[in-house]
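Colleague: First, the structure itself, so that you have it in front of you.
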Amino acid sequence: MSSWYYLVAQLPSLSLDTEVPMPITEEYFLELASRFLDKKSLKTLSELTLEPPKEVSKVSSTLVKKWFDFERTLRFALAEIRARRLKKEVDIQQKECPAFILEIARTACGFESPLEAELYLAKQRMNYLTSITPSDIFCTDSVFAYALKLKLLARLRVFNEETGMSSYKQIYEKILTNGVA
């Protein structure tokens, strides 16, 4: 287990600040982790995603399970709020939504700018990941949390306000047009 120390000691800190260059790429992180992780952990790490499966499935990591549950519930809450605003029916088979997730979804849907909403959601996701990361930084779940945070930051870096607003308007126009037709 001492190899974990070498892996974790080499990981740079991560920042939500999009003006700061990414300190490490996902590819380099996976390559680095492959030197220190066992096959099962490396497989889980390489299959990690920000988008959980719609249906709850068995996951070997407690942290990944919590992340998937949080993210699935948040996405369903966002979809439900957006559908209600468009006066559309939505068939979401979701258990009760925790108040803190509902508050995050409502706040995100209240932003005028889709970019501002995404930045807000990224911050909330990052805060949640931090809250569920074990205090023992030399464990598998801590490495998985780092990987998820890295994925969040990489996703955030591809956003561009002009491109995003243009895309948003096109999608919204399609929704309005298809709704009328």
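The values are calculated or read from the model by the stated rules, or taken from the named source; none is laboratory data. Small disclaimer: the values here were computed from a predicted structure and weren't measured. Here the Cβ is made from the backbone with ideal geometry for all residues, glycine too, and neighbour counts use every protein chain on show. Accessible surface is based on the protein model in full, side chains and every heavy atom, while ligands, DNA and RNA are left aside. Shrake-Rupley method; radii C 1.70, N 1.55, O 1.52, S 1.80 Å.
Colleague: Only Cα pairs under 8 Å and at least 6 apart count here; give the relative contact order of the chain as a rounded whole percent.
Modeller: Taking the mean separation of contacting Cα pairs over the length of the chain, I get 27 percent.
Colleague: Using the C-alpha atoms of the range 1-65, what convex hull volume per residue, in cubic angstrom, is computed?
Modeller: Per-residue hull volume (Cα only) is 114 Å³.
Colleague: Now for a different question. If you take the charge dipole of the chain about its Cα centre, with +1 on Lys and Arg Cβ and -1 on Asp and Glu Cβ, which of ILE171, PHE70, ALA117 is farthest toward its positive end?
Modeller: With unit charges placed on the Cβ atoms, the residue in question is PHE70.
Colleague: At R0 = 30 Å, how high is the FRET efficiency between SER57 and GLU26 if r is their beta carbon distance? Nearest 0.05 is fine.
Modeller: 0.85
Colleague: Could you look at the range 1-56 and say what percent of its accessible area is carbon and sulfur, using a 1.4 Å probe and all protein chains?
Modeller: Details: 2090 of 3850 Å².
Using a 1.4 Å probe with all protein chains present, the range 1-56 comes out at 54 percent carbon and sulfur.
Colleague: Further question on the same structure: What does the accessible area per residue of the chain come to in Å², with a 1.4 Å probe and no ligands, DNA or RNA counted?
Modeller: 64 Å²
Colleague: Hey, got the dipole for the chain? About the Cα centre, +1 on K and R Cβ, -1 on D and E Cβ, debye to the nearest 20?
Modeller: That gives a dipole near 500 debye.
Colleague: Sequence neighbours fewer than 8 away in the same chain don't count; with that in mind, list the lysines whose C-alpha is under 23 Å from LYS39.
Modeller: The qualifying lysines are LYS58, LYS65, LYS66, LYS149, LYS151.
Colleague: With the alpha-carbon atoms as the only input, what is the per residue convex hull volume for the chain in Å³? Intermediate results must be reported in sequence, preceding the final value.
Modeller: Working: hull volume 24.6 nm³, N = 181.
Hull volume over Cα atoms, normalised by residue count, gives 136 Å³.
Colleague: Using only DSSP helix segments of four residues or longer, with each worth -39500 (n - 2.57), what per-residue ellipticity at 222 nm results for the chain after dividing by its residue count and rounding to 500?
Modeller: -21500 deg cm²/dmol
Colleague: Something else about it: Measuring from label point to label point, each 7 Å out along Cα→Cβ, what is the SER15 to ALA99 span in nm?
Modeller: According to this spin-label approximation, the distance is 3.6 nm.
Colleague: Still on this structure, I have one more. Could you work out the longest stretch of the chain that avoids the GluC sites (Glu not before Pro) located in DSSP loops with at most 12 other Cβ atoms within 10 Å?
Modeller: Values: sites that count: GLU19, GLU55, GLU89, GLU96, GLU112.
The segment 113-181 is the longest one with no such site.
Colleague: Here's something else I'd like to know. Take VAL158 and TYR5, extend 7 Å from each Cα along the Cα→Cβ direction, and tell me the distance between the two endpoints in nm.
Modeller: 3.8 nm
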